Amino acid sequence: MSLHWTETARDGAARAGTLHTAHGTVETPVFMPVGTAGTVKAMTADSVRATGARMILGNTYHLMLRPGAERVARLGGLHRLADWHGPILTDSGGFQVMSLAGLRQMDADGVTFQSHLDGSKHRLTPERSIEIQHLLGADVTMCFDECTPHPATEAQTASSMRLSMAWAARSRAAFVPREGHGLFGIVQGGVFNDLRAESVAALTAIGFEGYAIGGLAVGEGQAEMFRVLDWTVPLLPRTSPRYLMGVGTPDDLIGAVLRGVDMFDCVLPTRSGRTARAYTSRGVLNLRNARHAESLEPLDPDCPCPACQKHSRAYIHHLIRADEILGPMLLTWHNIQYYQTLMGRLRAAIIDGRLVEEAAAIRAGWQERAVA
């Protein structure tokens, strides 16, 4: 049986469900911590598991540069190498087509990258991207695409989207079906409704195990992102999982879940942990600020993570100011825990038919204290 998703509850447009993969099941809506280079930064696999996370993300571009996809395969695959026994989704490298624009040359066949590490040349085509993800052992493989930058004209966006659709067909042809593994198509089209609809039509005609929405959270703003989701999500197959790539803040996640999105990833909780920011049920804290220097309060009294259960804000503030590595480790653990707790609350609320009320209560909690 290939990878598949089953719906277990619905509340408005929002869905709760189960994603079935070769490495276990995952309850949705789900947030996947980002393990770009085979590790969730500042975390062990055990600590990631302790937050309740059941699925993580790896990146084709970074892993093909080091340690190399063939080497990962020889060492038993990414699951074994990283001590992660649950499902893994791998980004195809398509985001780097946009983000590393100064280091790549693109043509209709694929992209030639100049490594940001040592300047060496590497070629990614849809076929090679799919091959690398197969070597890594990904449960969910992503089509190779071009993440369209923002802003872009309608003509530029159309050209980019149609190239991605051609690459999607080649990705589908290159993918090797096997039990518990699947390939997701990626909807592009920028902020243009007709192009998003054209992209969905092209992808559904090819047929995929799941559908991602790409090209958002790239500078268009939350209101425009939600407008695009309001248009795009209802066009997607109801029986397949929906994945919003690279999003986002806790408020972004709530808004997208309300609109029917099932899966998310973002570097924000880990990156924020490394820059002294903590997401809490009462708002965002900046642990560099002097106001925390003598505070015996936990980061969040409602959080079960070690940072909150064992340490004060004063201690974490001290670690940050002293440039001790334990500070970012504790804050990263806390942030991933917060995101997992948030998704758990949203899942439970969908099942109970009270998502709108729960979303309002969560958002109201953030207003109790200003960013501090």
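The criterion of being on the phi < 0 side of the Ramachandran plot, without any contact (Cβ under 8 Å) to a residue 60 or more places away in the chain and not assigned by TED's automatic domain parsing to the domain that holds Ala9 does not hold for Ala359. So in segment 147-164, with the set limited to residues that are of a type in the set (Ser, Thr, Tyr) and part of a helix (DSSP H, G or I), which one is surrounded by the fewest Cβ atoms within 10 Å (Cβ to Cβ)? Going through the qualifying residues, I end up with Ser159.
Take the residues of segment 1-44 that are in contact with a Phe, Trp or Tyr (Cβ under 6 Å, 6 or more places away or on another chain) and among the hydrophobic types (A, V, I, L, M, F, W, C): which is nearest to Gly273 (Cα to Cα)? Ranking the qualifying residues of segment 1-44, first place goes to Phe31. Only a single criterion out of (1) of a type in the set (Lys, Arg); (2) more than 16 Å from the chain's Cα centre (by Cα); (3) more than 15 Å from Ala158 (Cα to Cα) is not satisfied by Arg196, namely (3). Please count how many residues of segment 273-299 are buried (at least 23 other Cβ atoms within 10 Å of the Cβ) and touching a strand residue (DSSP E or B) at 6+ places or on another chain (Cβ under 9 Å). The qualifying residues number 6.
Tally the residues that are closer than 15 Å to Arg104 by Cβ and either among the acidic types (Asp, Glu) or surrounded by fewer than 17 Cβ atoms within 10 Å (Cβ to Cβ) (or both), restricting the search to segment 119-139. So the answer is 5. Hey, can you tell me all the residues within segment 172-195 that are surrounded by fewer than 24 Cβ atoms within 10 Å (Cβ to Cβ), more than 21 Å from Glu127 (Cα to Cα) and not aromatic (Phe, Trp, Tyr)? Residues satisfying the conditions are Val191, Asn193, Asp194, Leu195.
Okay, residues lined up against (1) surrounded by fewer than 23 Cβ atoms within 10 Å (Cβ to Cβ); (2) assigned to a loop (DSSP other than H, G, I, E, B):
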residue: Arg170; (1), (2): yes, no
residue: Leu216; (1), (2): no, yes
residue: Glu220; (1), (2): yes, yes
residue: Arg227; (1), (2): yes, no
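Val48 satisfies every condition listed in (1) in contact (Cβ under 8 Å) with a residue 40 or more places away in the chain; (2) within 14 Å of the chain's Cα centre (by Cα) except (2). Can we say Leu244 is of a type outside the set (Phe, Trp, Tyr), within 30 Å of His85 (Cβ to Cβ) and surrounded by 16 or more Cβ atoms within 10 Å (Cβ to Cβ)? Yes, satisfied. Checking each residue in segment 46-71 for being farther than 15 Å from Ile130 by Cα, touching a Gly at 6+ places or on another chain (Cβ under 9 Å) and part of a helix (DSSP H, G or I) picks out Val48, Arg49. Looking only at residues in segment 315-334 that are in a helix (DSSP H, G or I) and aliphatic (A, V, I, L, M), the one that is surrounded by the fewest Cβ atoms within 10 Å (Cβ to Cβ) is Leu326. Which number in (1) out of contact with any Gly (no Cβ under 6 Å at 6 or more places or on another chain); (2) closer than 26 Å to Leu3 by Cα marks the one condition that Thr125 misses? All conditions are met except number (1).
The values are calculated or read from the model by the stated rules, or taken from the named source; none is laboratory data. Model, not experiment: these values are computed from the prediction. Cβ coordinates were reconstructed from backbone atoms using ideal geometry, including for glycine residues, and neighbour counts include every protein chain displayed.
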